[in-house]
Amino acid sequence: ISNPIYSDNIQMELGQTVDRMQVQMINLTLPWILGIAVFLFYALISYLRISKKVATAVLYRENIFQSEYIDTPFVLGIFRPKIYLPYNVKSEHFEYVIAHEQAHISRKDHWWKPLGFLLCTIYWFHPLMWLAYALFCRDMELACDEKVIRNWNNGQKATYMEALLACSLQRPLGFSCPLAFGEIGVKERVKAIMNY
């Protein structure tokens, strides 16, 4: 109230308004905060579960570990990222998978991906955010593929595609989008590698 004549006589409680949009915003605040809490809880539980799975991982070299309890290669960690590989990766595919995961680290994807998920957590109600996140994950994988195969010959590219297909077949179905080797849009990625 800006009129000094009325300001002494009229007292308004917080939340009292005739603006319907403001009333809706007040009513939707609690569900929005609950949605954020659910997604943060999901992220925490997912992180703790995967950390528990790789707790017994064996050091291969530098920041690369192997574990028998995981099905697909991935990068874990924000400040000191580590590469985790399953034991069932074929020896001829091993260095190709490592090259892909190292490309994620060199591109700082282990920072960008959690930031993208945080934005999805805040705007969880907006379907375009989830679409943007899915496309972001796909583009991240394509960029890593391109970075890895840039200077390779056709034989190396073919082996890389075999490794990609082998890792994608072992991946369990799920909604999560970790920084995994054989994860998103495998058909599209193989076509991109062939056309690079």
For region 67-78, 3J(HN,Hα) per residue [Karplus equation, 6.51 cos²θ - 1.76 cosθ + 1.60, θ = phi - 60°, Hz, x = Gly/Pro]: 9, 8, 9, 10, 9, 9, x, 7, 10, 10, x, 9
Cα-Cα separations in region 64-109 greater than 12 Å, expressed as whole percent: 58 percent
Of LYS53/LYS82; LYS52/LYS147; LYS53/LYS191, pairs whose Cα-Cα distance is over 23 Å: LYS52/LYS147; LYS53/LYS191
Cα→Cβ-extended label distance, 7 Å offset, between ILE45 and LYS191, nm: 3.6 nm
FRET efficiency, LYS90 to ASN151 (Cβ-Cβ, R0 22 Å, nearest 0.05): 0.45
Residue order for ASP19, ASP145 - accessible surface, 1.4 angstrom probe, largest first: ASP19, ASP145
For TYR60, residues with placed amide H under 5 Å, excluding near neighbours: PHE65, GLN66
MET161 - accessible surface, heavy atoms, 1.4 Å probe, Å² rounded to 10: 30 Å²
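The values are calculated or read from the model by the stated rules, or taken from the named source; none is laboratory data. Only a predicted model underlies this, so the values are computations on that prediction, with no experimental measurement involved. For neighbour counting, all protein chains shown are included, and Cβ atoms are generated from backbone atoms with ideal geometry for every residue, glycine included. Just the protein is used for accessible areas: all its heavy atoms, side chains included, with ligands, DNA and RNA removed. Shrake-Rupley method; radii C 1.70, N 1.55, O 1.52, S 1.80 Å.
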